[in-house]
Amino acid sequence: MSSSNKNVSIVNVCSGCFACYNVCPAGAIEIVLSREGFYVPKIDKSLCTNCGLCLKVCPVVNAPSSEDRFSEPKVYISWSLDEKTRLNSSSGGLYPELAKLILENGGIVFAVGWNKEWLPQHKEVSDYSQLSETLGSKYVQSYVGDTYRRIAELTEYGKKVLFVGTPCQVAGLRNFIKQRRVIEDSVFLVDLVCFGTPSPSVFKKYLTENFNNKKITAISFRDKVTGWSTSSFSIYDKTSRIYSVPLFKDSFLRGFLIKLYLTRICYSCPFSKLPRQGDITLGDFWGVPDKYKDEKGVSVVLVNSEKGEELFNQLREKQIIFAEQVSLETATKSNPRIVSGHMKMPNERDKLLMEIHSKSWKYISRKYINLSVLGDLLEEV
């Protein structure tokens, strides 16, 4: 990074996409947790050669080209016709169907699983047996690691790759692909309809203080034990579900739903808009027309490029999904985050994140996350 750019306020503009870390040829960038608990780059000035590649791949500084994106996406109501696949997914089960399509053709999938501390982390999936860990939403910023470099390596070996991530992560990978001259036709990109990424430090504090003595084996942010539209946050051990409550009754998820501890750039996200970053965009079809309502889960699918259309049509031709095209307006009426990245930052956000390291979760939740906001929260949900 050139000296004129070293004073850029990383904390304020960084989305934590890991593109700079992956592209640096000098190994001068490491990823650390900011004071607010988000993943940000730290530059070792003694190793930096001022090549400028980090700025070239930064999607906030250099937005990816939209020349290969449709002027307007093709929008579908969709779900997997395999009931087990659908029920084990947060929405309609489209991600696992896309993943299985890639895997059965010898490709590799990168999506979010868990690390040993139960924090989200991108994982490489090469076999069906590894797929289950990457199912379901993870409402915490994920650790990408060297995923982009690994994708470049795999494409050199002729592998097809599916990458699933937030819009900012996909944007960062798109810039990395261009810079590293990765074979673009070999990489299929899926971005998610994202409502912002909470701080890993906040989730770790919540988890440690509430479940530290429990032997956790699974976490589901969107357990369909009571249905898709009324899903629960559940934690499991080897034998049972040890905790399960509606989303709005859990203190961490209440804080997420009222946007208390998101990455700063999430409040004015430059990537949650049209044209979307992925070849395909996946999310929940909130406000789905009555004739399609189903508590097993319904997905919204946006097909944004010819490459995405080719992949999605393979699922349709195999007759393993239901898909019906609808208007963009139908999809965005109850889900504006598809086309707009703007939302109000709570006044308490900065104060909460400054106290997260010194105060207990009990203190944080009582001070900042309380039942007085429940009415507004239910209205939003």
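The values are calculated or read from the model by the stated rules, or taken from the named source; none is laboratory data. In this text, all values refer to a predicted model and were calculated from it rather than measured experimentally. FYI the Cβ positions are ideal-geometry reconstructions off the backbone, even for glycines, and counts take in every protein chain you see.
Every residue, every condition in (1) in contact with an Asp or Glu (Cβ under 6 Å, 6 or more places away or on another chain); (2) over 30 Å from residue 102 (Cα atoms), yes or no:
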position	(1), (2)
234	yes, no
241	no, yes
254	no, yes
260	no, yes
272	no, no
275	no, no
278	yes, no
296	no, no
312	no, no
Hand me the list of strands (runs of 3 or more DSSP E) wholly inside region 226-333 holding 3 or more residues that are out of contact with any strand residue (DSSP E or B) (no Cβ under 9 Å at 6 or more places or on another chain). none
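Among the residues of region 110-117, is any over 30 Å from residue 209 (Cβ atoms), buried (at least 19 other Cβ atoms within 10 Å of the Cβ) and at pLDDT 95 or above? Outline the logic, then answer.
Here is the first cut: in region 110-117, the residues over 30 Å from residue 209 (Cβ atoms) are 110.
Of the ones still in play, those that are also buried (at least 19 other Cβ atoms within 10 Å of the Cβ) are 110.
With at pLDDT 95 or above added as a condition, the list becomes 110.
Among the residues of region 110-117, at least one is over 30 Å from residue 209 (Cβ atoms), buried (at least 19 other Cβ atoms within 10 Å of the Cβ) and at pLDDT 95 or above, which makes the answer yes.
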All but one of (1) modelled with pLDDT under 95; (2) over 17 Å from residue 91 (Cα atoms); (3) not assigned by TED's automatic domain parsing to the domain that holds residue 206 hold for residue 294; state the number of the condition that does not hold. (2)
Please go through region 356-370 and pick out each residue that is surrounded by fewer than 16 Cβ atoms within 10 Å (Cβ to Cβ) and either assigned to a helix (DSSP H, G or I) or among the β-branched types (Val, Ile, Thr) (or both). 362, 363, 366, 367
Scan region 170-187 and give yes if some residue there is small (Gly, Ala, Ser), surrounded by fewer than 21 Cβ atoms within 10 Å (Cβ to Cβ) and not assigned by TED's automatic domain parsing to the domain that holds residue 40, otherwise no. yes
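Here's the yes/no breakdown for (1) free of Cβ contacts under 8 Å to residues at least 40 places away in the same chain; (2) surrounded by 16 or more Cβ atoms within 10 Å (Cβ to Cβ); (3) over 21 Å from residue 185 (Cα atoms); (4) not assigned by TED's automatic domain parsing to the domain that holds residue 324:
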{"site": "76", "(1), (2), (3), (4)": "no, yes, yes, no"}
{"site": "89", "(1), (2), (3), (4)": "no, yes, yes, no"}
{"site": "92", "(1), (2), (3), (4)": "no, yes, yes, no"}
{"site": "128", "(1), (2), (3), (4)": "yes, no, yes, no"}
{"site": "132", "(1), (2), (3), (4)": "no, no, yes, no"}
{"site": "139", "(1), (2), (3), (4)": "no, yes, yes, no"}
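Quick one: in region 23-75, of everything that is assigned to a helix (DSSP H, G or I) and aliphatic (A, V, I, L, M), which residue is nearest to the chain's Cα centre (by Cα)? Write out each step before concluding.
Step one: list which residues in region 23-75 are assigned to a helix (DSSP H, G or I), which gives 23, 53-57.
Then keep just the ones that are aliphatic (A, V, I, L, M); that gives 23, 53, 55, 57.
Details: 23: 21, 53: 25, 55: 22, 57: 19 Å.
Within region 23-75, the match that is nearest to the chain's Cα centre (by Cα) is 57.
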Considering only residues of region 175-189 that are touching a strand residue (DSSP E or B) at 6+ places or on another chain (Cβ under 7 Å) and part of a helix (DSSP H, G or I), which is farthest from residue 268 (Cα to Cα)? 186
When every residue in region 332-355 that is in contact (Cβ under 8 Å) with a residue 24 or more places away in the chain and in contact with a helix residue (DSSP H, G or I) (Cβ under 6 Å, 6 or more places away or on another chain) is compared, the one surrounded by the most Cβ atoms within 10 Å (Cβ to Cβ) is 338
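Taking residue 148 as the residue in question, decide whether it is surrounded by 15 or more Cβ atoms within 10 Å (Cβ to Cβ), part of a helix (DSSP H, G or I), in contact (Cβ under 8 Å) with a residue 24 or more places away in the chain and of a type in the set (Ser, Thr, Tyr).
yes
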